[in-house]
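Written out below as structure tokens is the structure these notes cover.
The values are calculated or read from the model by the stated rules, or taken from the named source; none is laboratory data. Please read all numbers here as calculations on a predicted model, not as lab measurements. Neighbour counts run over all protein chains shown; Cβ positions are idealised from the backbone, glycine included. The accessibility values were calculated without ligands, DNA or RNA, using every heavy atom of the protein model including side chains. Shrake-Rupley method; radii C 1.70, N 1.55, O 1.52, S 1.80 Å.
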Amino acid sequence: MLSLAGLMTEKEGFSALAMGNHALARAMAEAGTAVITSYPGSPTPEIAEALLAPPEKNRGYRFEFAVNEKVALEIAAGASLNGHPAAVFFKSVGLNVAADSLIQLPLMELPGGMVIILGDDPGANSSQNEQDNRWFARMAYIPVFEPGSPAEAYVMYKEAAALARERKAPVFLRLTTHVCHARETVKFGPLPAAHDWTPRFDAAAGPYVPITTAVFPLKKRALEKLDAWAAYGEKSALNAVYKASATGTRKLGAISSGLPALCLLEAVRAAGAPVDILKLGLSWPLPEKLAADFLASHDEVYVFEELDRVMEVELKALAYGRGIGCVIHSRRGHHELMGEATPERARASLAGAWPNLFPASEQRRTLPPAPRLPQMCPGCGHRSAFHAIKQALPPGAITVGDIGCHSLGFLPPYGIGEVLLSMGHSVSTASGLALNNGSRKVVAFVGDSTFFHAAMPGVVNAASRDSDVTLVLLDNGTTAMTGHQPRPGNGEIGEKLSLPELLKTLGVKFLRECDAYDQPKLAAQLKEAMEHQGFAVVIARHPCMLKFMRDRRRANPGLKPQHVAVDQAKCARHYICAAEFACPSFVRHADGSVTVNTELCIGDGSCVQTCPAQAIGRDK
Amino acid sequence: MAFNIYICGVGGQGIGLLAAVLAQAAARAGLQTRACDTHGLAQRGGVVSSHIRLGADALTPLVPEGGADLVLALERLEALRGAAQYLKKGGQVVYYNTAYQPVSVRTGEAAYPSEEEVHLAVLGFGGKALSVNLANISDPRMQNSALLGKVAALNAVPGLPAAVIEEVLKEMVPPAALEENLALFRSPR
Ligand SMILES: Cc1ncc(C[n+]2csc(CCOP(=O)(O)OP(=O)(O)O)c2C)c(N)n1
């Protein structure tokens, strides 16, 4: 079986069971994409995992993690301006961060072409919303390819990259979570010859500066390119009709794209229903003739989408404008605008229009009453910090969370970090909460990767205005939540950067630091910071223990695991360890006793100090 | 009809490897294979699941609720949850019998199910449950090999011979841990 590095470097074609993200990485190598950039975010990190698998000297491409999505997009755009085929990938909300530069791209001639890969997340499996980035395509004048499976992602990337280069334009490849993480057998092709790295930027090929007089010619060119994409979509095999095997008295059809189209196909086939399906792979600009012909040749058509009513509105407008008399059905009610598509949901939606063709399936059973919410890992420094901070917070304090593993601090039992907008928002949202607020303390939290990603402007602002906010920087040295990607200054990329020095340079005057395991010190520092009138920063530092333990086990495989143990003679059943500090390693038995689950405990000992009866100690 | 396998456990238990081995083995045995991992936030001690669908009529990767012929779980409470949500009438649950208490149990708000409660509940769903537990596993992340061994020994997946699962396991487990994993894989026979 091929290793991941082998998947990326095998010279000839082969077939293999592959995850969507890995198949896509191979497609990049096969397409001769020279520069690839990203900022980590689910569901896309495994693309990077594959790109980074072979040693650098064996890669035909250059891959970089950037400090945030906007920077990543700009690096890819710059490379494309030099004539290098480029790609950038990030999660759905990453596009919001990148939007300011993204919106300019279609105005420019990009000689290398550029594929912008979006990891949308219907169902909000690992995101703060379900935003439907198909809207962005309409606003930015960028065509959208929507694969529904790993094999489709592979094929569509290669086609999208070739077309982007030919048309000197950006394209969207919109993936969704269960396209990224699905596995199926993919037939791969050979790798191309080595890339020619000659920098070919030519200002005369522009204009590249959108000053007033240039804006209209640039916009005109962008609109003409859109027309060309629409014309391409009319003929492309990516937009295809799947004829139903059954026939009915009325001609029925359905239109969809991406994974929802496959859900639809599965549901229609399972029901043996006489419904033809138009599946759009290059879904925007809408191939109007193809769509109009499909509508006109059916009596009723269901538009089955996931999330927003994007195609529905366009198809209804198309039918209206052309006087097509077909009945257009669509999803009803708000619940159908939420969550991801499945064959069962496709069945239920279509049953709304054609109940006789799609009978209901079995009912649900009740689930066990003990939910299992995500929680911080055993030994996590964030838990130790939250436990200390919870005791130091005065009544009425407002805590503002941010994105990262420490967002889990809001879940039971801590309840810390009560507002969350987006990456890096915490300092500034806290500054607003602190305005003319004489009575309630405001404490904000931020992770170290997020600090560099989007929090620095907020910190500069808070420091220069001396906002009455305490910021706790939870520094675990890595981008933990998304799988331990490097962050600037941690020594993995470039030089080490001192966070305290940096904060001072940004204008922070009140600054304290401590190890997040030192709970009394952290609590004291937090109190002092809150008493300080004006902006104060406390750095609570501890390495991500998941990464730390993994690295340690790799370095010495025979390592004997360490644990703590509860001294049953001393245990006074306060349950602070199990229920308030709440490390998952503690087990609360039906008889009231507490023990340690040695399968989970890593022996970090951050819990020892939390026991008022001093019953926790190292297991010898 | 597709044969559907729903695999679940707690983040960090190594369910990814378990699912990857099974999916790879199924593909190698010539079964049309579609699979999918679901994680994200769940990576941090929450529920993780993985789906495998075998057969030509499965065009999408997620197992439908109430549609699993086989539910595999690496933890007892998750076996119950997985079965309640996914098990088909007449289906089978095979799980590794270890217990990781969620916060709600540690705070005293919810109870943790006993082995008997799990087995009775699964009978109530019209299926049957089997558990595996081996003493002396040096690293809990090898429990997945023991569970996989049980699946192989039971011939729980039609058309997937034990020898193919073992062959893939040998290729996917890091060499240093292979011997012990193989011993665990072979033990439940
Ligand atoms: C705009 C945007 N990009 C990416 C993400 C994905 N994401 C979620 S958590 C996280 C990591 C945060 O790392 P850090 O701030 O260091 O906190 P840690 O997880 O290490 O505690 C990222 C990148 C996101 N939610 N939003």
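Residues to consider are A:SER426, A:SER449, A:SER431; find the one that is out of contact with any Lys or Arg (no Cβ under 8 Å at 6 or more places or on another chain) and under 28 Å from A:ASN129 (Cα atoms). Exactly one residue qualifies, and that residue is A:SER426.
Just a yes or no: is a residue in the stretch A:581-597 touching an Asp or Glu at 6+ places or on another chain (Cβ under 8 Å) and hydroxyl-bearing (Ser, Thr, Tyr)? No, there is no match, as no residue in the stretch A:581-597 is touching an Asp or Glu at 6+ places or on another chain (Cβ under 8 Å) and hydroxyl-bearing (Ser, Thr, Tyr). Inclusion of B:ALA163 among residues that are modelled with pLDDT of 90 or more and either outside any helix (DSSP H, G or I) or hydrophobic (A, V, I, L, M, F, W, C) (or both) is warranted.
Within the stretch B:61-84, the set of residues being buried (at least 22 other Cβ atoms within 10 Å of the Cβ), within 8 Å of another protein chain (Cβ to nearest Cβ), out of contact with any His (no Cβ under 8 Å at 6 or more places or on another chain) and not charged (D, E, K, R) comprises B:PRO64, B:LEU77, B:LEU80. Apart from one condition, A:MET1 fits all of (1) surrounded by 18 or more Cβ atoms within 10 Å (Cβ to Cβ); (2) within 14 Å of chain B (Cβ to nearest Cβ); the exception is (1).
Looking only at the stretch A:600-620, residues that are touching a Lys or Arg at 6+ places or on another chain (Cβ under 8 Å) and surrounded by 16 or more Cβ atoms within 10 Å (Cβ to Cβ) come to 4 in all.
For the stretch A:555-566, check the following and say yes or no: at least one residue is away from chain B (no Cβ under 14 Å) and assigned to a loop (DSSP other than H, G, I, E, B).
no
Of the residues A:GLU46, A:GLU69, A:GLU56, which is within 11 Å of the ligand (Cβ to nearest atom) and either at pLDDT 95 or above or crowded, with 24+ Cβ neighbours inside 10 Å (or both)? A:GLU69 is the lone residue from the list that is within 11 Å of the ligand (Cβ to nearest atom) and either at pLDDT 95 or above or crowded, with 24+ Cβ neighbours inside 10 Å (or both). Tell me yes or no: at least one residue of the stretch A:246-263 is of a type in the set (A, V, I, L, M, F, W, C) and modelled with pLDDT under 95. Looking through the stretch A:246-263, at least one residue is of a type in the set (A, V, I, L, M, F, W, C) and modelled with pLDDT under 95. Is there a residue being among the aliphatic types (A, V, I, L, M), more than 9 Å from every other protein chain (Cβ to nearest Cβ), touching a Leu at 6+ places or on another chain (Cβ under 8 Å) and away from the ligand (no atom under 11 Å from the Cβ) anywhere in the stretch A:403-415? No, because not a single residue in the stretch A:403-415 is among the aliphatic types (A, V, I, L, M), more than 9 Å from every other protein chain (Cβ to nearest Cβ), touching a Leu at 6+ places or on another chain (Cβ under 8 Å) and away from the ligand (no atom under 11 Å from the Cβ). Evaluated against (1) away from chain B (no Cβ under 14 Å); (2) farther than 30 Å from A:ALA222 by Cα; (3) open to solvent by 30 Å² or more (accessible area, probe 1.4 Å), A:ARG309 falls short on exactly one condition, (2). Here the condition is being among the aliphatic types (A, V, I, L, M), touching a Leu at 6+ places or on another chain (Cβ under 7 Å), modelled with pLDDT under 95 and surrounded by 24 or more Cβ atoms within 10 Å (Cβ to Cβ); of B:ILE15, B:ILE52, it holds for B:ILE15 alone.
For the stretch A:1-83, list the helices (runs of 4 or more DSSP H) that sit wholly inside it and hold at least 2 residues that are of a type in the set (Gly, Ala, Ser) and within 25 Å of the chain's Cα centre (by Cα); which are they?
The qualifying helices (runs of 4 or more DSSP H) are A:20-30, A:45-51, A:69-81.
Scanning the stretch A:409-452 for residues that are of a type in the set (A, V, I, L, M, F, W, C), within 21 Å of the chain's Cα centre (by Cα) and open to solvent by 10 Å² or more (accessible area, probe 1.4 Å) yields a count of 7. Of the residues in the stretch A:538-558, how many are within 15 Å of the ligand (Cβ to nearest atom) and touching a strand residue (DSSP E or B) at 6+ places or on another chain (Cβ under 8 Å)? Final tally of qualifying residues: 4.
One residue alone among A:LEU497, A:LEU503 is aliphatic (A, V, I, L, M) and open to solvent by 60 Å² or more (accessible area, probe 1.4 Å), and that residue is A:LEU497. Does A:SER384 fit the bill of being within 21 Å of A:CYS544 (Cα to Cα) and not in a loop (DSSP other than H, G, I, E, B)? Criteria met by A:SER384.
Restricting attention to the stretch A:23-43, the residues that are away from the ligand (no atom under 16 Å from the Cβ) and open to solvent by 10 Å² or more (accessible area, probe 1.4 Å) total 5. In the stretch A:453-468, the residue that is nearest to A:PRO395 (Cα to Cα) out of those that are away from the ligand (no atom under 16 Å from the Cβ) and open to solvent by 50 Å² or more (accessible area, probe 1.4 Å) is A:ASP468.
Every condition in (1) closer than 30 Å to A:GLN128 by Cβ; (2) touching a strand residue (DSSP E or B) at 6+ places or on another chain (Cβ under 6 Å); (3) of a type outside the set (D, E, K, R) is met by A:SER15 except one, and the failing one is (1).
Quick one: would you say A:ALA228 is closer than 30 Å to A:GLU74 by Cβ, in a helix (DSSP H, G or I), more than 14 Å from every other protein chain (Cβ to nearest Cβ) and open to solvent by 60 Å² or more (accessible area, probe 1.4 Å)? So A:ALA228 fails the test. Cβ-Cβ contacts under 6 Å between residues 6 or more apart (or on different chains), taken from a first residue in the stretch A:574-589 that is facing another protein chain (nearest Cβ under 9 Å) to a second residue that is among the charged types (D, E, K, R), are listed as A:ALA578/A:ARG588; A:ALA578/B:ARG106; A:ALA579/B:ARG106; A:ARG588/B:ARG106. Any residue at all in the stretch A:115-128 that is away from the ligand (no atom under 16 Å from the Cβ), away from chain B (no Cβ under 13 Å) and open to solvent by less than 10 Å² (accessible area, probe 1.4 Å)? Yes, the conditions are met somewhere in the stretch A:115-128. If you check A:LEU175, A:LEU163 for being modelled with pLDDT of 95 or more, within 14 Å of chain B (Cβ to nearest Cβ) and within 30 Å of A:GLU12 (Cα to Cα), only one passes: A:LEU175.
Out of curiosity, is B:VAL132 in contact with a strand residue (DSSP E or B) (Cβ under 7 Å, 6 or more places away or on another chain) and within 14 Å of chain A (Cβ to nearest Cβ)? Here the answer is no, as B:VAL132 does not meet what is asked.
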